[in-house]
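FYI, it's all coordinate maths here, none of it is from the lab. None of these values were measured; they are calculated from a predicted model. Glycine also receives a Cβ, built like all others from the backbone with ideal geometry; neighbour counts cover every protein chain displayed.
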Amino acid sequence: MVPVINIKGINPGQMRLNGQVLGDIFLGKIVKWNDAAICAANPKWVGTGKNSKTCALPNANIIVNGRSDSSGTTYIFTDYLHAAAPTIFTASASKSSLVSGSNGFVGGSGNQGVATNLENTNNSIGYVEYSYVLLNRTLDSAFVVNKSGVAVDVNPVSIAAAAATKPTISSIDFSIVNPLGKTAYPISGYSWVMLRKVQDNAASSLAQAELTVKLVDWLAHNAPGTGVTLGQDVAASQGYVALPTQAQTVTRNTLKTVTYNGAVVLK
């Protein structure tokens, strides 16, 4: 997930944010862009010499944007906020909207709704999937300071570095936010497919169940060096980092437990 900002005069890569600052922004505690905590995280915007205490960031209200709907995007973002700043953002990860009538945040439906609001609103901040930043050059992402204290840009290399810190995942242990690693992007996470383990009431026949499971298997794999295009190869062109090899193995082993009328679907 990527913190996206729209501040007139701030170009891509010129803003640094950390978990503490993001936590306070999304709790409504930091409300101005020239707040001392934001300026401290961005020393390049603080003057020198006679103006050494003057922060050049605008004295403008922060327009906070979030998902109006329940979402995995919000789950990963709040998982990060709690992991990076547990004493500030005390709530655990949740897919529930951060937007409420009392906090004045702006809600958008889906990543596209949030992205559109951010594009059209000066002095705004929000969060969207990386693919929306990669494929929409009008969205400016902020660098995020990771657990190793390094301000990291979001890109396939930094996301892959985060995934590499936790090679073994499962359906109950999958969080890769806020990992140690100088090159790791701290707000990384997996996208999931929900599939019935027993296909008896989901598919009309074994053949249909096989097609469904094989589609998911295709989506979850790549085959580098073979000339064969699989789902993870397509995903890479859409702003999603290819699953690590071990995650692909976990996926296939999980799919091999899916049955139809007692028969294993994926041989």
So if we plug the beta-carbon distance of residue 246 and residue 191 into 1/(1 + (r/R0)^6) with R0 = 25 Å, what FRET efficiency do we get, rounded to 0.05? 0.90
What distance in nm lies between label points placed 7 Å from Cα along the C-beta direction at residue 96 and residue 153? 3.8
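How high is the FRET efficiency from residue 32 to residue 138, r the C-beta distance, R0 30 Å, rounded to 0.05?
Numbers: r = 24 Å, r/R0 = 0.81.
Using R0 = 30 Å, I get an efficiency of 0.80.
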State the Cα centre-to-centre distance between region 67-84 and region 189-227 in whole Å. 26
If you average the alpha carbon positions of region 2-42 and of region 142-176, how far apart do those two centres end up, in angstrom? 20
Could you pull out every one of the lysines with an alpha carbon less than 17 Å from that of residue 44, ignoring same-chain neighbours closer than 8 positions? 8, 53
Total formal charge among the other residues, if their Cβ is under 12 angstrom from that of residue 57, Lys/Arg +1 and Asp/Glu -1: +3
